[in-house]
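Asker: I am attaching a structure below and will ask some questions about it afterwards.
Rule-based calculations on the coordinates, nothing more; no lab input. Quantities reported herein were computed from a predicted structural model and do not represent experimental measurements. We place every Cβ from the backbone using ideal geometry, glycine too, and count neighbours over all the protein chains shown.
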């Protein structure tokens, strides 16, 4: 008898979850669906001139961990504009060419702002393991931004690895992420 009631409750919860996730008001394009743990293979990696040395360090680190790194530039410490490279990283992710993206500048803030202008992108500037984990679990971030003045290379590598291997928790977080994505579909 108690088992029947538990089964009934589980069915009701699943129906409610399905109604929330599949609601037309909460539609998320397929490109926004997070890749499951272990399937993130191809990473768009970019930087401006200030982030170039850390980009090179992370490229080597990630390749050693088995990731395919798609370098989006820049190629030196010569002065460039961060929006150009943040856009390249974001478009590679939004277009489905890469599973996730990482963009590096001096603080990470500017690149997050630029990347978030690309439809379908949820860029998060992370500076420690807590922000990296939360940005994935709660916000389904698909672009990570880092700053060379906010993280040392070893910590940046730890953040990137944790961020790449952390799944989106879904559940109660789906409606919130869907509301964020709905904002870019609004005209005003």
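Asker: With 10 angstrom as the radius, rank 143, 118 by how many other C-beta atoms surround their C-beta, starting from the fewest.
Answerer: Result, fewest neighbours first: 118, 143.
Asker: Given the Cα-Cα distance of residue 41 and residue 158 and 0.36 nm per residue of separation, how much length would full extension add, in nm?
Answerer: Roughly 40.4 nm would be gained on extension.
Asker: Got a sec? How would 125, 113, 103 order by Cβ neighbour count within 10 Å, fewest to most?
Answerer: 113, 125, 103
Asker: If you don't mind, there's one more thing I want to ask. Can you give the FRET efficiency to the nearest 0.05 for residue 64 and residue 138, using r as the Cβ-Cβ distance and R₀ = 30 Å?
Answerer: 0.55
Asker: Now for a different question. Can you give the extra length, in nm with one decimal, that the chain gains between residue 119 and residue 81 once fully stretched, where that is 0.36 nm per residue apart less the Cα-Cα distance?
Answerer: Contour length minus the Cα-Cα distance gives 11.6 nm.
Asker: Continuing with this model, one more query. Given a Förster distance of 30 Å, report the FRET efficiency between residue 150 and residue 182 from their Cβ-Cβ distance, rounded to the nearest 0.05.
Answerer: 0.50
Asker: Starting from the Cα-Cα distance between residue 173 and residue 71, subtract it from 0.36 nm times their residue separation and give me the gain in nm to one decimal.
Answerer: Full extension of this stretch gives 33.6 nm more.
Asker: Quick one: order 166, 77, 145, 39 by neighbouring beta-carbon count within 10 Å, fewest to most. If you can, show how the numbers build up before the last one.
Answerer: Numbers: 166 19, 77 13, 145 32, 39 8.
Ranked by crowding around the Cβ, least crowded first: 39, 77, 166, 145.
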